[in-house]
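Structure first, then comments.
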Amino acid sequence: MERAEALIREMEEEGIDAPIDIYHTMMDGYTMIGNEEKCLIVFERLKIGKVSKALEVSKMMESAGIKHNMKTYSMLINGYLKLKDWANAFAIFEDLVKDGLKPDVVLYNNIIQAFCGMGNMDRAIHTVKEMQKERHRPTTRTFMPIIHGFARAGEMRRALEVFDMMRRSGCIPTVHTFNALILGLTEKRQMTLAGITPNEHTYTTIMHGYASLGDTGKAFEYFSKLRNEGLELDVYTYEALLKACCKSGRMQSALAVTKEMAAQNIPRNTFVYNILIDGWARRGDVWEAADLIQQMKQEGVQPDIHTYTSFINACCKAGDML
């Protein structure tokens, strides 16, 4: 490895750019001799080298009078994000806006990540609202760094507020979202240490976590806690119950939950219908799925791509290809 290092230095002195394969070979060598520290140094040099090369190309473009477009700006921002150089990532974003280019969802997501990295959480939330004003629909990736940032800092109330904001925006939480929230609660032991009583958001979040696993028993257990403590039951709470029932194939329990919703005057939204249609689709029950789509239309609830995908799945499972 020492001889290999000397050869790399010789190359650098001769002004020869080492191709990416040489860095990979060096990393393999350090891995074989168990030198993890040097392996990571090479990895960092590889990342920094790529970005500095990109900046050289950027300067060449400018001197040749070639303007950056959305793609080239995005590549530079991504490079700085990989280096965790949030300030420069944001500076490139400002240049992009000055050039009159309109950021897209991917670019907004990257800038939100930069704000979270800088610890400027309020600016990150403001950027989400700015996205929505520009008629861009936020994705799960939009909210993930904000939730993670608040959870890591132990600010669980704010993490849960952003979680609710995410659901209201029509984003379906993923396992990574729940992991970030659970991590915040367990690592900091925030609720116990601060003497904070769990609220409906806390219980609903845990219910959704169990629903993702199809653990109906635990989902209903937390639902009972919510009701017994007189906390507010909303459509998101019932969504979690339905998800747990449908994932575990307990469709009769799911029907009982929808009756309970009707009794509480909680209308069914697209997500609720999608969960139910998907539940029947898993069993290949076309008639029940078709009946739910009809109910949606009668209630003025708009089907989306997930609704139709689940219905197609039901037809395929039933062998009704026409």
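Under 8 Å by Cβ, and 6 or more places apart or on different chains, what pairs join a residue from the range 295-322 that is of a type in the set (Asp, Glu) with one that is open to solvent by less than 60 Å² (accessible area, probe 1.4 Å)?
The qualifying pairs are Glu299/Arg268; Asp304/Thr270; Asp304/Asn274; Asp320/Val286.
For the range 247-322, list the helices (runs of 4 or more DSSP H) that sit wholly inside it and hold at least 3 residues that are open to solvent by less than 40 Å² (accessible area, probe 1.4 Å), among the acidic types (Asp, Glu) and within 22 Å of His208 (Cα to Cα); which are they? Outline the logic, then answer.
Values: elements: 251-263, 270-282, 286-299, 305-317.
So the answer is none; nothing clears 3.
Residue check, Ala114 against (1) free of Cβ contacts under 8 Å to residues at least 24 places away in the same chain; (2) in contact with a Phe, Trp or Tyr (Cβ under 7 Å, 6 or more places away or on another chain), all met but one. Which one?
(1)
Which of the residues belonging to the range 173-194 are among the β-branched types (Val, Ile, Thr) and modelled with pLDDT of 60 or more?
Residues satisfying the conditions are Thr174, Val175, Thr177, Ile182, Thr186.
Tally up the residues in the range 69-78 that are closer than 12 Å to Ala114 by Cβ and open to solvent by 20 Å² or more (accessible area, probe 1.4 Å), please.
Of the residues in that region, 1 qualify.
I'd like the full set of residues that are open to solvent by less than 40 Å² (accessible area, probe 1.4 Å), under 20 Å from Arg141 (Cα atoms), assigned to a helix (DSSP H, G or I) and not aromatic (Phe, Trp, Tyr), limited to the range 79-106.
Within the range 79-106, Gly79, Leu81, Ala89, Val105 meet the criteria.
How many of the residues in the range 14-29 are modelled with pLDDT under 70 and buried (at least 16 other Cβ atoms within 10 Å of the Cβ)?
Within the range 14-29, residues that are modelled with pLDDT under 70 and buried (at least 16 other Cβ atoms within 10 Å of the Cβ) number 2.
Within the range 110-126, how many residues are open to solvent by less than 10 Å² (accessible area, probe 1.4 Å), of a type in the set (Val, Ile, Thr) and within 9 Å of Ile146 (Cα to Cα)? Spell out how you get there, then give the answer.
Taking the range 110-126 first, the residues open to solvent by less than 10 Å² (accessible area, probe 1.4 Å) are 110-112, 114-115, 124.
After this cut, where a residue has to be of a type in the set (Val, Ile, Thr) as well, the list is 111-112.
Then drop every residue that is not within 9 Å of Ile146 (Cα to Cα), which leaves 112.
Number of matching residues: 1.
Take the range 132-169 and flag every residue that is part of a loop (DSSP other than H, G, I, E, B) and modelled with pLDDT of 80 or more.
To start, the set of residues in the range 132-169 that are part of a loop (DSSP other than H, G, I, E, B) comprises 134-139, 153-155, 169.
Within the range 132-169, Glu134, Arg135, His136, Arg137, Pro138, Thr139, Glu155, Ser169 meet the criteria.
Among the residues of the range 146-164, which ones are open to solvent by 30 Å² or more (accessible area, probe 1.4 Å) and either over 15 Å from Tyr203 (Cα atoms) or within 10 Å of the chain's Cα centre (by Cα) (or both)? Let's see the steps before the verdict.
As a first pass, look at the range 146-164 and keep what is open to solvent by 30 Å² or more (accessible area, probe 1.4 Å): 148, 152-153, 155, 157-158, 161.
Selection gives His148, Arg152, Ala153, Glu155, Arg158.
Of everything in the range 30-57 that's modelled with pLDDT under 65 and among the β-branched types (Val, Ile, Thr), which residue is surrounded by the most Cβ atoms within 10 Å (Cβ to Cβ)?
Residues of the range 30-57 that are modelled with pLDDT under 65, as a first pass: 42-57.
Remaining after also requiring among the β-branched types (Val, Ile, Thr): 42, 48, 51, 57.
On the way: Val42: 21, Ile48: 14, Val51: 18, Val57: 12.
Among those residues, the one meeting the criterion is Val42.
Here is a check on your reading of the model: is Lys84 touching a residue at least 12 places away in the same chain (Cβ under 8 Å), of a type in the set (D, E, K, R) and more than 23 Å from His126 (Cα to Cα)? Talk me through it step by step, then tell me what you get.
Working: touching a residue at least 12 places away in the same chain (Cβ under 8 Å): yes; of a type in the set (D, E, K, R): yes; more than 23 Å from His126 (Cα to Cα): no.
So Lys84 does not fit the description; no.
The values are calculated or read from the model by the stated rules, or taken from the named source; none is laboratory data. All values reported here derive from a predicted model rather than from experimental measurement. For neighbour counting, all protein chains shown are included, and Cβ atoms are generated from backbone atoms with ideal geometry for every residue, glycine included. Surface accessibility is based on the protein's heavy atoms, side chains included, excluding ligands, DNA and RNA. Shrake-Rupley method; radii C 1.70, N 1.55, O 1.52, S 1.80 Å.
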